[in-house]
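Notes to accompany the following structure.
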Amino acid sequence: MAQPLRKEETRYTYADYMSWDDGERWEIIEGIPYLMSPAPTRDHQGVSGELFLQIATFLKRKPCKVYAAPFDVRLFPADDDSDDTVVQPDIVVICDRSILDKTGCHGAPDMLVEILSPSTARHDKLIKLQLYKKAGVREYWIVDPDTKTVSVHILKDGEYSINVYGDADSVPVHVLEGLSIDLADVFEDVGY
């Protein structure tokens, strides 16, 4: 992610974010705006598409919903749009439909997936990891197309336990009992 491009000493809110009409995609984390990277790479989009397809197929006719970026997630919502954190993860799974509104999600989703790129890797592995833990996101996947690995973070007693899987593995989705993601399919076209 690029450095903040608006005044660093100013704290921005969701209401500010909703008023920005500059054609750019932004996230706000604790009041600080971050410009989203330009269009994702083909590998990123292929990985995202296959993950979304596997999850969406499993959720057909089930109460949980899956959404792909861009999709606003306000992790710590306020009734007056004064919340100061809004992110756009690559994939979002929500089982409690009461946290959905016309603009996205207001509360902690059950599962978030971030697909790394060189410009976002540090941000996704450090800042967002801590942010998602604080918000109570039960399952957080960090997908690395370069190494063809997935780090799965499962929240228990306020801390994440981590398991790392490779491209030959089938990964259970803990918040969606009965679903395993086939990583061979996810990473099949990466690098071609």
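Where a number appears in this text, it was derived from the coordinates with a stated rule and is not lab data. Source: prediction; values computed, not measured. Positions of Cβ are generated from backbone atoms using ideal geometry, with glycine treated the same way; all protein chains shown enter the neighbour counts.
Per-structure values
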| quantity | calculated |
| --- | --- |
| Angle in degrees between helix 42-59 and the longest Cα principal axis of the chain, rounded to the nearest 10 | 80 |
| Leu179 long-range amide H proximity, modeled H, under 5 Å | Val173 |
| Length gained when the stretch Glu30-His174 is fully extended (0.36 nm per residue, less Cα-Cα span) | 49.0 nm |
| Cβ-based exposure ranking for Lys156, Lys134, in which fewest neighbours within 10 Å come first | Lys156, Lys134 |
| Highest-first arrangement of 177-186, 18-27, where packing means the average Cβ count within 10 Å | 177-186, 18-27 |
| Partnerless Cys - the chain, beta-carbon criterion under 4.7 Å | Cys105 |
| Cα gyration tensor, segment 29-89 - rounded (a/c under 1.5), prolate or oblate | oblate |
| Within the chain: Cβ-based charge dipole about Cα centre, in debye rounded to nearest 20 (Lys, Arg +1; Asp, Glu -1) | 300 |
| Ranked by how many other beta carbons lie within 10 Å on average, peptides 97-105, 80-88, 36-44 from highest | 80-88, 36-44, 97-105 |
| Options Gly191, Tyr12, Gln130, ranked by Cα towards positive dipole end of the chain, top entry (Cβ charges) | Gln130 |
| Whole-Hz couplings from phi, Karplus 6.51/-1.76/1.60, listed for segment 78-86; x for Gly and Pro | 10, 5, 9, 6, 8, 4, 10, 9, 9 |
| Hits among lysines - C-alpha to C-alpha of Lys128 under 23 Å, sequence gap 8 or more where chains match | Lys7, Lys65, Lys148, Lys156 |
| Kirkwood Rh in Å, taken over all unlike Cα pairs in segment 38-186 | 15.5 |
| Rg and Dmax [Cα atoms of segment 119-192; Å; Rg one decimal, Dmax integer] | 12.9, 41 |
